[in-house]
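One structure is given below, encoded as structure tokens.
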Amino acid sequence: MQIFDSEYFGYKNNELYCEGVSVKSITDALGTPAYIYSKKFFGDKYNEFKDAFKNVNNTLFFATKSNFNLNVIKIFSNLGSGIDVNSGGELFRALKAGFQPDKIIMSGVGKTDEEIKLAIENNILMLKAESLEEIHVIDEIARSLNKTASIAIRVNPDVDAKTHPYISTGLAENKFGISSKEAISIFVEASKLKNIKLAGIDMHIGSQIVSVEPFKEAVEKLAQFVLTLRENGVNVEHLDMGGGVGVRYKDENPFPISQLAEAIVPIVKKLNVDLFFEPGRFLTANAGVLIAKVLYTKQNGNKNFIVVDTAMTDLLRPSIYGAYHHIQPVSLNAERKDIIADIVGPVCESGDFLAKKREISKCKRGDLLSVMSAGAYGMAMASNYNMRRRPPEIIVDGDKYFVVRSRENYEHMLFDEKIML
Ligand SMILES: Cc1ncc(COP(=O)(O)O)c(C=O)c1O
């Protein structure tokens, strides 16, 4: 089987380490399943992105939907990043982690009045509106609060991001943004509203995009809009490219951020606007692994099954997208032969799998497996289905580790539930 090895998660004496800490030493202390993140990864990826775009005024807004652990948010705040929140809950977390309101922007195709109010009351930098109706609601709420709300309008540029249909968002048929046909008239209408400041134009064409071309095509379309808007007397100060930069889960090439910069910067410089980005996965996916223990191994018919103690409740991506996550042993043993097996969890759904027909070295009960590239949309999508406790999250910094969220217990899960009947 293929082994993923990086400076963040690599082997020493056949044992998997995260930076300077042996993964087994963490799970010996805390049990499994457990999410483990490398702090260094977050900083390195943030700096790689910033470096590539250093020749243009730009701000990165970390898309915290990919990972909303308070300490991960704090790491990005310490790096000087902005943050993109997608709900009142994410806004609450961003503020709790110490983000200044003028570094926070809010996305979302269905913001409630309560969320819009919370955003405006907290003076966040900007809300990104996705329909004319929403723009009017923002204007009304801002008026009721005696404030002006800065907005960007998300345009759906009708570009094929060539990614999984569930994470493709920039096609005319998708629910996101306003249609490019109506864009000019909607911007003009929004610019006349008294309690709105129209600050920017926004897009987000999808996630896990592995080539520069769809971004370039979409930015070219948005640039044309900016020029037409100016002819119509409407100015915007920034262009927000959204997120979507892809990562390596299996055999994808590392995304060429510098080529993205080469393609985009000249277009943006001509427009004289600031550039905003909202990367999530790029900053977090390969920062994290999910460690699981083998509970049982068995054969049903000709099929090998490895039943582990993690499940779709901890990492949903394989179940909903058929997403690939590389899985490898925490302790390498060259004497073990490779087999083909389905790696499945304990949840009562056939859709509860981490991998199907996967080549993996033969396992025994008690072995530890590392599910790689699990730092994005992992814990953030975790649930309590089957009354399963969500795993702990650990951040490794050099040769130290921090339990930044402990494993849920059954009392946590009952929270405010009362027997009343
Ligand atoms: C509006 C918006 N911005 C940014 C992102 C982050 O995308 P990614 O994690 O692919 O970078 C998303 C993801 O769904 C999004 O909807």
Query raised in the report: Roughly how many Å is it from the Cα centre of the stretch 62-80 to that of the stretch 337-379, as a whole number?
Result: 28
Query - Förster radius 25 Å - calculated FRET efficiency between Leu132 and Glu213 (Cβ-Cβ, nearest 0.05) - result: 0.25
Requested in this report: May I have the convex hull volume per residue, in Å³, for the Cα set of the stretch 107-279?
Outcome: 111
Query raised in the report: Where does helix 132-144 land angle-wise versus the long Cα axis of the chain, in degrees 0 to 90, nearest 10?
Result: 80
Query - Rounded to 5, percent antiparallel among DSSP beta bridges of the stretch 231-375 - result: 75
Report summary line: Rounded to the nearest 0.05, FRET efficiency between Ser350 and Arg407 (Cβ-Cβ, R0 25 Å) equals 0.40
Report summary line: Eigenvalues of the alpha-carbon gyration tensor of the chain, times 5 and square-rooted, give semi-axes in Å, largest first, of 40, 24, 20
Query raised in the report: Using Cα atoms only, what is the angle between the long axis of helix 213-231 and the major principal axis of the chain, expressed in degrees (0 to 90) to the nearest 10?
Result: 20
Report summary line: Measuring from the longest principal axis of the C-alpha atoms of the chain, the long axis of helix 39-52 (C-alpha) lies at a number of degrees, nearest 10, equal to 40
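If you restrict to DSSP beta bridges whose two residues both lie in the chain, what percentage is antiparallel, to the nearest 5?
Of the beta bridges lying entirely in the chain, close to 50 percent run antiparallel.
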Query - the chain, helix-only ellipticity at 222 nm - DSSP H runs n ≥ 4, -39,500 (n - 2.57), divided by all residues, nearest 500 - result: -8500 deg cm²/dmol
Query raised in the report: So what are the ³J(HN,Hα) numbers for the stretch 355-369, from phi and the Karplus equation (6.51, -1.76, 1.60; θ = phi - 60°), rounded to whole Hz, Gly and Pro as x?
Result: 7, 10, 6, 9, 7, 8, 6, 3, 10, 10, 3, x, 5, 9, 10
Report task. Step through the residues of the stretch 193-207 one at a time and calculate ³J(HN,Hα) from phi using the Karplus curve (6.51 cos²θ - 1.76 cosθ + 1.60, θ = phi - 60°), rounding each to whole Hz and writing x for Gly and Pro. Result -> 6, 6, 9, 10, 10, 7, 9, x, 10, 9, 8, 7, 8, x, 10
Report task. Could you tell me the distance between the Cα centroids of the stretch 11-55 and the stretch 165-243, to the nearest Å? Result -> 35
**Report entry** Integer Hz, Karplus 6.51/-1.76/1.60 couplings in order for the stretch 314-328, x for Gly and Pro
**Finding:** 9, 9, 8, 4, x, 5, 8, 10, x, 5, 8, 10, 5, 10, 9
Query raised in the report: By average Cβ neighbour count within 10 Å, what is the ranking of 384-394, 1-11 from highest down?
Result: 384-394, 1-11
Query raised in the report: Given labels modelled 7 Å from the Cα in the Cβ direction, how far is it in nm from Ile419 to Gln299?
Result: 4.8
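None of the figures in this text is laboratory data; all of them are computed from the coordinates on show. Keep in mind the model is a prediction, meaning the values are calculated, not measured. As a convention, Cβ positions derive from the backbone with ideal geometry for all residues, glycine included, and neighbour counts pool all protein chains shown.
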